[in-house]
Amino acid sequence: MSREPDTSHHAGRGHRLVAHTADCMLEAWGENRAACLAEAMAALVEVFAEVHDDAPTQRVMPLAATASADVDVLVALLEEVIYVADVFGAVPVRFHVAEAEDGGVAGDMVVVDAGDVELIGPVPKAVSYHHLDMGEHDGRWSCRAVVDV
Amino acid sequence: MSGPPRLRAAGPDRWRIEATGAMRVPGILFASDVLLPQISDEEALDQVMNVATLPGIVEASYAMPDIHWGYGFPIGGVAATDVDGDGVVSPGGVGFDISCGVRLLLSPMGIEEIAPHIEALMDELDARIPTGLGAGAVWELADDDELTAVLRDGSRHAVARGFGVEADVARCEDSGAMPDADPAMVGERARRRGAGQLGSLGSGNHFIEVQVVEEIVDASVAESFGLRRGQVCVMIHCGSRGLGHQVCSDTVKDMQGSMRRHGIVVPDPQLACAPVRSPEGRAYLGAMAAAANYGRANRQALTAAVRRAFADTVGTDRLDLLYDVSHNLAKLEWHDVDGRRRLLCVHRKGATRAFPPEHADLPDDLRAVGQPVLVPGSMGTSSYVLVGRGAGDAFSSACHGAGRTMSRHAASRIVRGETLRHELEGRGIAVRAASARGLAEEAPMAYKDVDEVVATCERAGLAHRVARLRPVGVVKG
C-alpha cells in the first residue's frame, strides 16, 4: 500500500471511505489544509450517521488544535468528533476550520442531537496512527486515517 | 517491512517466519491449510514481523489462527517482553478497547423451557441493554468518586453496589479487578467518556447472545464447567467503551514523545512503547488496569440487566457465571523462557489467555480442570467453550473469535442488513440490532470459519474444545 492516499483522480475537495480489514479507513482532500481537515471530519461522521441539515436542535461547538505536526492536528480534530458523540450524544453536521495565527487551527462545528439523525453504523471510538498520513502534494492537501469502530 | 513474508512449516498447523532485518525473534503463525490462504496475503503477517522488533521481546511474535490486519499489532497477536531485560509495554499491543472480553452465563433451564418465551425475552433484553450512540447506561454513577471506585475495584465494586452476586467475582479473571490499577493515571477526557457509559454495549462487533449448548465435546470438563447439552446460556461480548479507547489514544501520543529518550525506534507509530519499568510504562499499566476494571464492571452491570430480563420473562434470574476473560490486555506473568523463570509483560491483542490445569491464578474450583476460554463466533454462527491445556504454548494463549476476512465497508456493500436479519430469523435466531448497516458489517461471510479456527487451536495444542454453542437470539450493538 502506498504511503500517500490515492486521491489523484479527485479534484477540489472531498472525502471517501476505504476498506480496511480491522475497521474503517477514511481519505480526504482539499485545496488547503483547513479544507482537507474539514473534509476528514465529514468523512468520519459519514461512517455512522446520515446527515441532514434540517435537524431541529442545533448547537455550535468550538474546535481548536494547537500547532503541531499535520497528522497530530488531524488526529486532534477527528478525536473531537468522537468525543462530542461519546460525551454529549451529539453528531456534527457542518464544519468550519481555519488556520490560526499560532500555526494550529480553530473553528467550530454545528452539531445536532443523535436522536435527530439517522444512525447507519457503529460509531468510531479512536483514531489510529497506523498508516496515518497528511500533507501537501503538488499544491493539494490530502490525508488518510484508520479509525477504530 | 513490506514484501511477502516467507512462511516455513514448523509443526502441525504451525508456520515460522525467520527473524530478518530488525526482527529480534522469529514470527510463529498457527494456521491450518484451510486458513492459510486467508491469512498469507494480508498485511497481518507484516505486522507480526513488525512486532518482532519490539525491545525485550522473547521467544517469538505469535499469531493466532484468527489473525487479521490491525493497526500496529495484528489482531490475534501475542507478544511477551522480558520485564527485567528492558522489555517494553506497547498500548497498541493491548488495543484501543482495553479488556474487551467475553463472559458466559449459564442458565439452569433448557432450551425447551425458554423457547416459548424467546421473543419476549429478546424484546426485554433489547429494552434493557443500551446499544449504540446516546442510549445511556445501566448504571448511573453517583459522582466522580464512584467512577474512581470502579476503576480501582472493577466488578467487585459493581457487585458491592448490587449488580451481581459474590460468586460472579470468584469466576472473573483477576477476581474481578486487576491489581495495581491507578485511577489517577486515567486522563480527564477518558473519565468524561466513561462517566455515562457504564453498563452499555456500544457498537461494532459487540453483542449479547442467548445461546444453547449444541454439542458437548469433552464430557468430563463440560461437567466440571456445569455445561450440559440443551442448556441455555448467555454470552456477553464488550469492553471498556470510550474510557478504554481514550486511555490508549492518550498513551500512544505520550509514548511517541518519550521513545526517543529511551532510544527506541519502531516500524509503525501505533507500536509506540516504553520500558515496563520506566515512568511511562508504569503509568500506562496503571491506567490500563483501571480501564480493564471498568471493562469488567461494564460486563457486570450488563449481567444484572440480563438477569432482570430473564426474571421478567422466563421466571428466574438465575444465571451462573462460568467465566469472564479479556482478549485485549497486557499482563505481568511468570513463564519459563530458555529454561529460566522470567517475569514477562504478555500482550494479548485479540487473543485469549488460556491457563492450563493447576495454574495458581485460576479460581480454586477450576484449578484442577483448567481455564475456560470463551470464543465467540461471528454473528449467527457457533461459539465455543475451550479449556487451557498442555504446555501452554504462546505463553498460554488461544484465539479470541473467528477473525475477519473482509472489511466492514466491503461487508456492508455486499450484504443488506435487513436481508441478513431475515436470513438469521429464518434459521431461528431472533435479532435485535441498533442499525441495519451495523448488522451487515458483522455478516458471517465477513469472517473466517470459527469451527476451523477452533480446530486449529486444538491441533496446535493451544486449547482443547469443551462445548459448542448455537445462538437463538442476539442483541447487536
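For residues that are crowded, with 18+ Cβ neighbours inside 10 Å and in contact with a helix residue (DSSP H, G or I) (Cβ under 6 Å, 6 or more places away or on another chain), tally how many sit in segment B:331-352.
Total meeting the criteria: 4.
State the number of residues belonging to segment B:308-326 that are out of contact with any Asp or Glu (no Cβ under 9 Å at 6 or more places or on another chain) and of a type in the set (Val, Ile, Thr).
1
Six or more apart or on different chains, Cβ atoms under 7 Å: show the pairs whose first residue is in segment B:29-48 and under 13 Å from B:GLY403 (Cβ atoms) and whose second is basic (Lys, Arg) and surrounded by fewer than 23 Cβ atoms within 10 Å (Cβ to Cβ).
Within 7 Å, the pairs are B:PHE30/B:ARG14.
Take segment A:139-149 and flag every residue that is assigned to a loop (DSSP other than H, G, I, E, B) and within 9 Å of chain B (Cβ to nearest Cβ).
Keep residues of segment A:139-149 that are assigned to a loop (DSSP other than H, G, I, E, B), which gives A:139, A:149.
Passing the criteria: only A:VAL149.
Filtering segment A:114-138 down to residues that are more than 10 Å from chain B (Cβ to nearest Cβ) and touching a residue at least 60 places away in the same chain (Cβ under 8 Å), which residue is farthest from A:VAL87 (Cα to Cα)? Quick ask: steps written out before the conclusion?
The first filter runs over segment A:114-138 and keeps only residues more than 10 Å from chain B (Cβ to nearest Cβ), leaving A:116, A:133-138.
Now restrict to residues that are touching a residue at least 60 places away in the same chain (Cβ under 8 Å): A:116, A:133-137.
Values: A:ASP116: 16, A:ASP133: 27, A:MET134: 27, A:GLY135: 30, A:GLU136: 33, A:HIS137: 36 Å.
Among those residues, the one meeting the criterion is A:HIS137.
With the condition kept exactly as written, say whether any residue in segment B:43-59 is touching a strand residue (DSSP E or B) at 6+ places or on another chain (Cβ under 6 Å), outside any helix (DSSP H, G or I), within 14 Å of chain A (Cβ to nearest Cβ) and under 27 Å from B:GLN246 (Cβ atoms).
Checking segment B:43-59: not a single residue is touching a strand residue (DSSP E or B) at 6+ places or on another chain (Cβ under 6 Å), outside any helix (DSSP H, G or I), within 14 Å of chain A (Cβ to nearest Cβ) and under 27 Å from B:GLN246 (Cβ atoms).
If you take the residues in segment A:58-113 that are closer than 21 Å to A:ALA28 by Cα, among the charged types (D, E, K, R) and within 12 Å of chain B (Cβ to nearest Cβ), which one is surrounded by the fewest Cβ atoms within 10 Å (Cβ to Cβ)?
This residue is A:ASP72.
Quick check on segment A:71-89. Is at least one of its residues touching an Asp or Glu at 6+ places or on another chain (Cβ under 9 Å) and hydroxyl-bearing (Ser, Thr, Tyr)?
Looking through segment A:71-89, none of the residues is touching an Asp or Glu at 6+ places or on another chain (Cβ under 9 Å) and hydroxyl-bearing (Ser, Thr, Tyr).
Consider B:PRO269 carefully, then state whether it is surrounded by fewer than 24 Cβ atoms within 10 Å (Cβ to Cβ) and closer than 17 Å to A:ASP148 by Cβ.
On the way: surrounded by fewer than 24 Cβ atoms within 10 Å (Cβ to Cβ): yes; closer than 17 Å to A:ASP148 by Cβ: yes.
Criteria met by B:PRO269.
If only one of A:ASP113, A:ASP133 is in contact with a Ser or Thr (Cβ under 6 Å, 6 or more places away or on another chain), under 29 Å from B:GLY244 (Cα atoms) and of a type in the set (D, E, K, R), which one is it?
Working: A:ASP133 fails: in contact with a Ser or Thr (Cβ under 6 Å, 6 or more places away or on another chain).
Criteria check complete, one pass: A:ASP113.
Being touching a residue at least 24 places away in the same chain (Cβ under 8 Å) and more than 14 Å from chain A (Cβ to nearest Cβ) narrows it down to one residue among B:GLY77, B:GLY85; which is it?
On the way: B:GLY77 fails: more than 14 Å from chain A (Cβ to nearest Cβ).
Sole residue among the options that is touching a residue at least 24 places away in the same chain (Cβ under 8 Å) and more than 14 Å from chain A (Cβ to nearest Cβ): B:GLY85.
Take the residues of segment B:90-120 that are assigned to a helix (DSSP H, G or I) and crowded, with 24+ Cβ neighbours inside 10 Å: which is nearest to the other protein chains (Cβ to nearest Cβ)?
Kept after step one, since they are assigned to a helix (DSSP H, G or I), are these residues of segment B:90-120: B:91-93, B:111-120.
Narrowing the set further to residues that are crowded, with 24+ Cβ neighbours inside 10 Å leaves B:91-93.
On the way: B:PRO91: 11, B:GLY92: 8, B:GLY93: 13 Å.
Top of the filtered list is B:GLY92.
On the basis of being buried (at least 21 other Cβ atoms within 10 Å of the Cβ), touching a His at 6+ places or on another chain (Cβ under 8 Å) and of a type in the set (A, V, I, L, M, F, W, C), does B:PHE207 make the cut?
Yes.
Tell me which of these B:ASP324 doesn't satisfy, since it passes every other one: (1) charged (D, E, K, R); (2) over 18 Å from the mean Cα position of the chain (by Cα); (3) within 28 Å of B:GLY377 (Cβ to Cβ).
So B:ASP324 meets the others, but not (2).
Please identify the pairs in which a residue from segment B:161-174 that is surrounded by 15 or more Cβ atoms within 10 Å (Cβ to Cβ) has its Cβ atom under 7 Å from the Cβ atom of a residue that is basic (Lys, Arg) and outside any helix (DSSP H, G or I), counting only partners at least 6 apart or on another chain.
Close Cβ pairs (under 7 Å, with a partner that is basic (Lys, Arg) and outside any helix (DSSP H, G or I)) do not exist here.
Please find, within segment B:340-373, the residue that is farthest from the chain's Cα centre (by Cα) out of those that are assigned to a loop (DSSP other than H, G, I, E, B) and more than 20 Å from B:GLY461 (Cα to Cα). Give the steps one after another, and end with the answer.
Let us first name the residues in segment B:340-373 that are assigned to a loop (DSSP other than H, G, I, E, B), namely B:350-351, B:354-363, B:367-371.
Retained after the next criterion (residues that are more than 20 Å from B:GLY461 (Cα to Cα)): B:360-361, B:363.
Details: B:ALA360: 22, B:ASP361: 18, B:PRO363: 19 Å.
Ranking the candidates gives B:ALA360 first.
What helices (runs of 4 or more DSSP H) lie completely within segment B:180-293 and have 1 or more residues being basic (Lys, Arg)? Walk me through how you get there before you give the answer.
On the way: elements: B:188-195, B:219-225, B:241-258.
By residue number, B:188-195, B:241-258.
Among the residues of segment B:245-284, which ones are in contact with an Asp or Glu (Cβ under 7 Å, 6 or more places away or on another chain) and within 18 Å of B:HIS347 (Cα to Cα)? First the steps, then the outcome.
From segment B:245-284, those in contact with an Asp or Glu (Cβ under 7 Å, 6 or more places away or on another chain) are B:245, B:249, B:254-255, B:258, B:274-275, B:280; that's our starting set.
Of everything in segment B:245-284, those that are in contact with an Asp or Glu (Cβ under 7 Å, 6 or more places away or on another chain) and within 18 Å of B:HIS347 (Cα to Cα) turn out to be B:HIS245, B:SER249, B:MET255, B:ALA274, B:PRO275, B:GLU280.
On the basis of being away from chain A (no Cβ under 13 Å), farther than 30 Å from B:GLU59 by Cβ and surrounded by fewer than 22 Cβ atoms within 10 Å (Cβ to Cβ), does B:ARG459 make the cut? Show your work before the answer.
Numbers: away from chain A (no Cβ under 13 Å): yes; farther than 30 Å from B:GLU59 by Cβ: no; surrounded by fewer than 22 Cβ atoms within 10 Å (Cβ to Cβ): yes.
In short, no.
Within segment B:241-289, take every residue that is more than 9 Å from chain A (Cβ to nearest Cβ) and charged (D, E, K, R) and give me the one that is nearest to A:ALA69 (Cα to Cα).
So, considering only residues that are more than 9 Å from chain A (Cβ to nearest Cβ) and charged (D, E, K, R), the one nearest to A:ALA69 (Cα to Cα) is B:ASP254.
Among the residues that make up segment B:168-175, is at least one of them farther than 30 Å from A:SER128 by Cβ, touching a Pro at 6+ places or on another chain (Cβ under 7 Å) and part of a helix (DSSP H, G or I)?
Here is the first cut: in segment B:168-175, the residues farther than 30 Å from A:SER128 by Cβ are B:168-171, B:175.
Then drop every residue that is not touching a Pro at 6+ places or on another chain (Cβ under 7 Å), which leaves B:170-171.
Within this subset, residues satisfying the condition of being part of a helix (DSSP H, G or I) are B:170.
There is at least one residue in segment B:168-175 that is farther than 30 Å from A:SER128 by Cβ, touching a Pro at 6+ places or on another chain (Cβ under 7 Å) and part of a helix (DSSP H, G or I).
For segment B:386-408, indicate whether the set of residues that are crowded, with 22+ Cβ neighbours inside 10 Å, basic (Lys, Arg) and outside any strand (DSSP E or B) is non-empty.
Yes: one or more hits.
Quick one: would you say B:VAL475 is buried (at least 20 other Cβ atoms within 10 Å of the Cβ), β-branched (Val, Ile, Thr), modelled with pLDDT under 90 and under 26 Å from A:VAL147 (Cβ atoms)? Quick ask: steps written out before the conclusion?
Values: buried (at least 20 other Cβ atoms within 10 Å of the Cβ): yes; β-branched (Val, Ile, Thr): yes; modelled with pLDDT under 90: no; under 26 Å from A:VAL147 (Cβ atoms): yes.
So B:VAL475 fails the test.
Of all residues in segment B:175-194, which are hydrophobic (A, V, I, L, M, F, W, C) and crowded, with 16+ Cβ neighbours inside 10 Å? Walk me through it before giving the result.
Taking segment B:175-194 and keeping what is hydrophobic (A, V, I, L, M, F, W, C), we get B:177-178, B:181, B:184-186, B:190.
Residues satisfying the conditions are B:ALA177, B:MET178, B:ALA181, B:MET185, B:VAL186, B:ALA190.
Only residues that are surrounded by 21 or more Cβ atoms within 10 Å (Cβ to Cβ) and farther than 16 Å from B:ALA287 by Cβ: list them for segment B:134-148, please.
Of everything in segment B:134-148, those that are surrounded by 21 or more Cβ atoms within 10 Å (Cβ to Cβ) and farther than 16 Å from B:ALA287 by Cβ turn out to be B:VAL138, B:TRP139.
Just one of (1) under 22 Å from B:ARG348 (Cβ atoms); (2) surrounded by fewer than 21 Cβ atoms within 10 Å (Cβ to Cβ) trips up B:ARG465, so point out which.
Every listed condition holds for B:ARG465 apart from (2).
Kindly provide the set of residues from segment B:252-280 that are of a type outside the set (A, V, I, L, M, F, W, C) and under 22 Å from the mean Cα position of the chain (by Cα), ordered by number. Before you say what the answer is, go through the steps one by one.
Taking segment B:252-280 and keeping what is of a type outside the set (A, V, I, L, M, F, W, C), we get B:253-254, B:256-258, B:260-263, B:267-270, B:275, B:277-280.
Result: B:GLN270, single match.
Looking at segment B:300-327, which of its residues are closer than 23 Å to B:SER224 by Cβ and part of a helix (DSSP H, G or I)?
The answer is B:THR303, and nothing else.
The values are calculated or read from the model by the stated rules, or taken from the named source; none is laboratory data. Predicted model only: the values in this text are computed from it and were never measured. Using ideal geometry, Cβ is built from the backbone for each residue, glycine included, and neighbour counts are taken over all protein chains shown.
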